[in-house]
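The values are calculated or read from the model by the stated rules, or taken from the named source; none is laboratory data. Model, not experiment: these values are computed from the prediction. Every residue, glycine as well, gets a Cβ built from its backbone with ideal geometry; the counts of neighbours run over all protein chains shown.
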Amino acid sequence: MARLELEHLVKRYGRSTEVAAVQDLSLEVNDGEFVCLLGPSGCGKTTTLRMIGGFLQPDSGDVLIDGVSILSQPPERRPTAMVFQRYALWPHMSVFDNVAFGLQVRHRPRDEIRRRVEATLELVGLPGLARRYPGQLSGGQQQRVALARALVLEPRILLLDEPLSNLDAQLRIYMRTELTAIQRRVGITTVFVTHDQEEAMSIADRIAVMNVGVLEQMDAPEEIYAHPASLFVATFIGTMNRLDAHLSADGRLRAGPFDVEQPEGAALSSAAELVAGVRPEDVIVESGGEGTPARIDHVVDLGHYRRVTLSAEGAANLLAFVPKAETLPSELVTVRARRVLVYADGRLAGVAEPRELAPVPASLTSKRP
Amino acid sequence: MISQEVREQPQVRPSGVGALWFVHVPELRKAMGLILVFALSAFLLLPLLTLLFWAFTDEWRYPSILPQSFSLRWWDWVLTNGDVGSAVRYSFITAPVVTLLSAAICLPAAYAFSRFRFPLRRTLFISLLAANAFPKIGLYVAIATLFYRLNLMGTYWGVVLIQLVGTLVIMTWIPAAGFDSVARDLEDAARDAGAGPLRVFWKITLPLAMPAIIVAAFLTFIAAFDEAQGTLIVGSPTIVTMPTLMYTLVTNYPQPVGAIFSILLSAPSVVLLLIARRFLLGGYLAAGFKGR
């Protein structure tokens, strides 16, 4: 197994004056780690993956596996294996031949090829389908063949390019758990590209969030959710109330309807553009409390919790997730914030957490929206 | 019943249909389809049927729908004729050579057109049509003057070259489309699995483009086999292939001879068509492309 390092990768398409597809990207993937590259389409995540696989040459920067640069090697020499978005199975070859191809290229003995292909098909849960052709398989089965074809070569790095995006919703969730189980069993260092934040949150050890070619944050899923390093990450992952904020004369922070103390250790300057982010589960809705008066506009019952849209001074569409067990006040509605993320010029400056408030009910934190 | 129809029509038929109203009545539409199929079949098959009758006719005079008497007399004449034998031989040594030569020249070009971006790519691609875009006879006469200088008139290679001209577009455009249809991902996946560029071409790209190449080769063979104008100008009188001999036979001999010769001339096309059917509908294609 192996450790992957990307150092200051830059890739531009077309004229060099255009914004780079990938700008100065540096990250490390540890031995056996499952890392997701997450971002909206066009953020450079697939470009990055193709540079690791060798299908694109970076304009500058380096790709290292266990400290050795692989940049000069063509794709066929790199110790990486890729699962393509549309599987890219060869339609004129049987499942067996598809999986065996890489071994045949390496002139392995016939017995060994058969043994390894069968073992790998077993691993991905497809025994007995070796004689079929890709066209005779379902999407999920094709997916597994593509995975087997990558794994049979025992690569040091496994690259997956949105492999689940062509499956229907239910199968996608099932394959997600299958994929993580296989990855854990093999223990292979894996880079997975996706635009689906829920997918990334549920399978990755760490997530690298990218936007317009820039790495915004790389952290464990919980960390990304709890401490989004930038305003982009804060709004891209999960649901977030984005509120205009400013420092008041008494040194406190006014964030939309909320009045909180400045986060500890954050030296906020009034010159910076301040924005506050409050997760809907951190909005406390009570009757006659000490918070800001608000009005309930809309309530959607989502089974285990309710999504409440409120309007208050400084926030027209304030979202709050209220557990089913709590009753919603009918009059004298007030809102408080349990936790406020403060962004100065788009970067996380600090988190304001009033100590006296109770932690978020477990029923809300366990289920990420 | 009539009144019911009248009442229902405004709902069934959208307004402003005009002369094509019958298209919107399902029964009539179905009938129209059938009529069209029959008309088309008759249009295609009746001349062939007449041809078939003529080939076995001894005597067939005007008012009668069927020949008065049948015989194999003219078959015997055609099949034992020395000119016919030599024409068949020339046809079968030119058409395959033209096909192979065309493939050797055009397939690399087709691959380049499909996979590489180079200056004037589109212009060159379209210009292949030039030889087929103008009346052939003018082009052939111009080429003939050139061939006189090069001493190619009346030679085997002269005939091969003139037949080659018309096949270039077929042998480039169809395989180029075939190479286009091979997704880059399939090639990338093979590179990823450890195959070098050449092996990727032989193992992935070429097999997947093969149906298009086979079709192009068949069409090229038929185009070369049926080519008459250029062959007549360049080849005659030394090189007489089946289509050029046809001119002589049709003008100088009774009608059954022309009919028999037409059947002989169409035989290779029919055989190739049957082989093509097997190639293209059976095997991996039917299985492999279902899901794509």
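For the stretch B:161-175, the set of residues classified as more than 19 Å from B:Ser91 (Cα to Cα) and polar (S, T, N, Q) consists of B:Thr172 only. When the stretch A:205-231 is filtered for residues that are out of contact with any Leu (no Cβ under 8 Å at 6 or more places or on another chain), within 14 Å of A:Phe34 (Cα to Cα) and either among the acidic types (Asp, Glu) or buried (at least 23 other Cβ atoms within 10 Å of the Cβ) (or both), the ones remaining, listed by number, are A:Asp205, A:Asp219. Return a yes/no flag: does the stretch B:164-186 have any residue that is farther than 24 Å from B:Ile214 by Cα, charged (D, E, K, R), in a helix (DSSP H, G or I) and free of Cβ contacts under 8 Å to residues at least 60 places away in the same chain. There is no residue in the stretch B:164-186 that is farther than 24 Å from B:Ile214 by Cα, charged (D, E, K, R), in a helix (DSSP H, G or I) and free of Cβ contacts under 8 Å to residues at least 60 places away in the same chain.
If the condition is being of a type in the set (A, V, I, L, M, F, W, C) and touching a residue at least 60 places away in the same chain (Cβ under 8 Å), then the stretch B:250-265 contributes B:Val257, B:Ala259, B:Ile260, B:Phe261, B:Ile263, B:Leu264. Number of residues in the stretch A:51-60 that are out of contact with any helix residue (DSSP H, G or I) (no Cβ under 9 Å at 6 or more places or on another chain) and within 14 Å of another protein chain (Cβ to nearest Cβ) equals 2. For the stretch B:178-233, taking the residues that are of a type in the set (S, T, N, Q) and surrounded by fewer than 20 Cβ atoms within 10 Å (Cβ to Cβ), the one that is farthest from the other protein chains (Cβ to nearest Cβ) is identified as B:Gln229. Are any residues in the stretch A:119-140 closer than 15 Å to A:Tyr87 by Cα and more than 13 Å from chain B (Cβ to nearest Cβ), and if so, which ones? Result: A:Val124, single match. Being within 14 Å of chain B (Cβ to nearest Cβ), free of Cβ contacts under 8 Å to residues at least 24 places away in the same chain and surrounded by fewer than 22 Cβ atoms within 10 Å (Cβ to Cβ), is that true of even one residue in the stretch A:141-148? Scanning the stretch A:141-148, I find at least one residue that is within 14 Å of chain B (Cβ to nearest Cβ), free of Cβ contacts under 8 Å to residues at least 24 places away in the same chain and surrounded by fewer than 22 Cβ atoms within 10 Å (Cβ to Cβ), so the answer is yes. When A:Val63 is tested against (1) more than 29 Å from A:Leu231 (Cβ to Cβ); (2) within 14 Å of chain B (Cβ to nearest Cβ); (3) crowded, with 18+ Cβ neighbours inside 10 Å, just one condition goes unmet, and that condition is (2). Going through (1) in a helix (DSSP H, G or I); (2) away from chain B (no Cβ under 14 Å); (3) touching a helix residue (DSSP H, G or I) at 6+ places or on another chain (Cβ under 7 Å) one by one, A:Thr48 falls short only on (3).
Pairs are defined by a Cβ separation below 8 Å, a sequence spacing of at least 6 or placement on different chains, a first member in the stretch A:96-118 that is within 10 Å of another protein chain (Cβ to nearest Cβ), and a second member that is among the polar types (S, T, N, Q); the pairs so defined are A:Val99/A:Thr120. Total residues in the stretch A:250-285 satisfying the condition of being at pLDDT 80 or above and either of a type in the set (Gly, Ala, Ser) or in a strand (DSSP E or B) (or both): the figure is 16.
The residue list B:Tyr111, B:Tyr140 contains one member that is more than 21 Å from B:Ala228 (Cα to Cα) and in a helix (DSSP H, G or I), which is B:Tyr111.
Summed over the stretch A:218-249, residues that are more than 23 Å from A:Ser311 (Cα to Cα) and in a strand (DSSP E or B) total 3. In the stretch A:177-200, the residues that are in contact (Cβ under 8 Å) with a residue 60 or more places away in the chain reach residues that are part of a helix (DSSP H, G or I) with C-beta atoms within less than 6 angstrom, at least six apart or across chains, in these pairs: A:Thr180/A:Ile203; A:Thr190/A:Gln183; A:Val193/A:Lys45; A:Val193/A:Thr46; A:Val193/A:Leu49; A:Thr194/A:Ala200.
Annotation note: Cβ proximity below 8 Å between a residue of the stretch A:69-89 that is more than 8 Å from chain B (Cβ to nearest Cβ) and at positive phi and a residue that is buried (at least 23 other Cβ atoms within 10 Å of the Cβ) and part of a loop (DSSP other than H, G, I, E, B) (sequence gap 6+ or interchain) occurs for A:Tyr87/A:Pro163. Filtering A:Arg78, A:Arg12 for residues that are out of contact with any strand residue (DSSP E or B) (no Cβ under 7 Å at 6 or more places or on another chain) and crowded, with 22+ Cβ neighbours inside 10 Å leaves a single hit, A:Arg78.
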